[in-house]
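The values are calculated or read from the model by the stated rules, or taken from the named source; none is laboratory data. All of these numbers come straight from a predicted model, not from anything done at the bench. Reconstructed Cβ throughout: ideal geometry from the backbone, glycine too, with neighbour counts over all protein chains shown.
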Amino acid sequence: MTYISTRGMAPTLGFEEAMMTGLARDGGLYVPDTVPVMGRDEIAALAGLPYEEVAFRVMRPFVGEAFDDATFMGLIEAAYAGFGHPARAPLKQVAPGGFLLELFHGPTLAFKDFAMQLIGQMFEAALTRSGRRLTIVGATSGDTGSAAIEAFRGLDAVDVFILYPHGRVSEVQRRQMTTPVEANVHALALDGDFDDCQARVKDMFNDLAFRDEVALAGVNSINWARVLAQVVYYVTAATSLGAPHREVDFCVPTGNFGDIFAGSVARRMGVPVGRLIAATNHNDVVARALRDGEYRKGRVEPSRSPSMDIQVSSNFERALFDAYGRDGAAVAQLMDELKTADGFAISQGARQALAEVYGAGRASEEQTLARIRRTREETGELLCPHTAVGLEVAEGAVRDGVPMVTLATAHPAKFPDAVEEATGERPPLPSRMADLYERPERVTRVENDLAALQTLIRSRRTS
Ligand SMILES: *Cc1c(COP(=O)(O)O)cnc(C)c1O
């Protein structure tokens, strides 16, 4: 299988190179040139298999020559061995026809671990084989950074630099990034918001000389391998609920559009994913774009669901690429308008194509808190604020007779302040990380300046 850029001007790559590269050299995102379709029998045969086995069967065709079967299976098993639940992504029923897909049993308590743990394994295997070294640079609103650091800490062939917006991540998120002791881990607190962090990372990738000099690699959700790993739990959830014989809808707390886009890949593979509902907080650029056909960047307003506090939703570009009939030139033009005019209008045809797959809704801060409180009272479950946004939006999008699965994207203990505000209860950390608040922190404060960041990265690399 080969990978092409959403802007149509970058070289076509195999899986391993697309994974190592992250952002394409024309500024676009890599996507597979074709998506393999599974037959009904193949899908039916997945029901009840261990998570790792489903992961292998779903991802195998996308990986191509990069790893042989036995190696790839070994990487998958190693990736999920540290999860705190045997099902990896258990489903929990919370209402008639309403389910939570719990994606927070990994080492940093958010769904990002599903992709990042696997990417860590795949990078290590590929780099060991080739003797190369890489500098991983990522931007985070909190959860990507902690998941990346957890996945790459202590690896020989990699330095990992994570930019997070100073003062805008939760204490648990921050400590998960600043407490690892390994010398190849570099947590950078940037003076700015998440979009600034993401913009500086993109600038570094677009500085091709710097990119080559430090062998830059990206593990943000623009990395195709991350999207791919997230396809798997849509398949396990759908088959648990009756696919291929029954359609299943999903509601996805959304920021960068990576998680929900993975659902659209499962759909294209033949899994009967009905509608994919994007749930946002008041930073609702994605919900507005899907509803009004206008992508208009606003200002980021901090919320209690900080992992969705963004106005530039990178993976939306992949959805646009599909909606524009895979016309890279059209996508490149929209992205140009986004840069110069802070927004763009989506064509009528593309709007229709998007509407066939995606719905959208938003939840206010008050609704989010009320949802956490009500769910505690009615079901006994404590929700993280992102998950609460999802459940709130899901309720308005349920179709008769179609199960609705809301993705529970983080553990409530990762966002204890919001949970306590809503319920009066402070959710405890799982015992395996109970000493997080006692470990010493290590972090570098940085200004929002490309040249300063590049100097810092050059001097800090351990190679
Ligand atoms: C990253 C994240 C999201 C948003 O996911 P995207 O793939 O960026 O849309 C939602 N909730 C939590 C807890 C997250 O960490």
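Listed residues 361, 343; which is out of contact with any Ser or Thr (no Cβ under 7 Å at 6 or more places or on another chain) and away from the ligand (no atom under 15 Å from the Cβ)?
343
Going through region 207-237 one residue at a time, which ones are aliphatic (A, V, I, L, M) and not in a loop (DSSP other than H, G, I, E, B)?
If the condition is that a residue be aliphatic (A, V, I, L, M) and not in a loop (DSSP other than H, G, I, E, B), then 208, 209, 216, 217, 225, 227, 228, 229, 231, 232, 235, 237 are the ones that fit.
If we keep just the residues of region 286-340 that are in contact with a Lys or Arg (Cβ under 7 Å, 6 or more places away or on another chain) and part of a loop (DSSP other than H, G, I, E, B), which is surrounded by the most Cβ atoms within 10 Å (Cβ to Cβ)?
The extreme case among them is 311.
Looking at the structure I just gave you, is residue 62 of a type in the set (A, V, I, L, M, F, W, C), in contact (Cβ under 8 Å) with a residue 12 or more places away in the chain and part of a loop (DSSP other than H, G, I, E, B)?
No.
If you scan region 361-393, which residues turn out to be basic (Lys, Arg) and in a helix (DSSP H, G or I)?
Once the filter is applied, which keeps residues that are basic (Lys, Arg) and in a helix (DSSP H, G or I), region 361-393 yields 371, 373, 374, 376.
Please verify whether residue 133 is away from the ligand (no atom under 15 Å from the Cβ), touching a Leu at 6+ places or on another chain (Cβ under 9 Å), touching a residue at least 24 places away in the same chain (Cβ under 8 Å) and of a type outside the set (Val, Ile, Thr), treating the condition exactly as stated.
Yes.
Which one of these is assigned to a helix (DSSP H, G or I) and within 16 Å of the ligand (Cβ to nearest atom): 452, 413?
413
When residue 402 is evaluated against the numbered criteria (1) within 22 Å of the chain's Cα centre (by Cα); (2) more than 19 Å from residue 280 (Cα to Cα); (3) not basic (Lys, Arg), which criterion, by number, is the only one it fails?
Every condition holds for residue 402 apart from (1).
Against the definition (among the aromatic types (Phe, Trp, Tyr), within 17 Å of the chain's Cα centre (by Cα) and either away from the ligand (no atom under 12 Å from the Cβ) or under 25 Å from residue 192 (Cα atoms) (or both)), how does residue 261 come out, yes or no?
In short, no.
Select, from 289, 323, 330, 278, the only residue that is under 18 Å from residue 363 (Cβ atoms), at pLDDT 95 or above, more than 12 Å from the ligand (Cβ to nearest atom) and of a type outside the set (S, T, N, Q).
After ruling out the rest, the residue left standing is 289.
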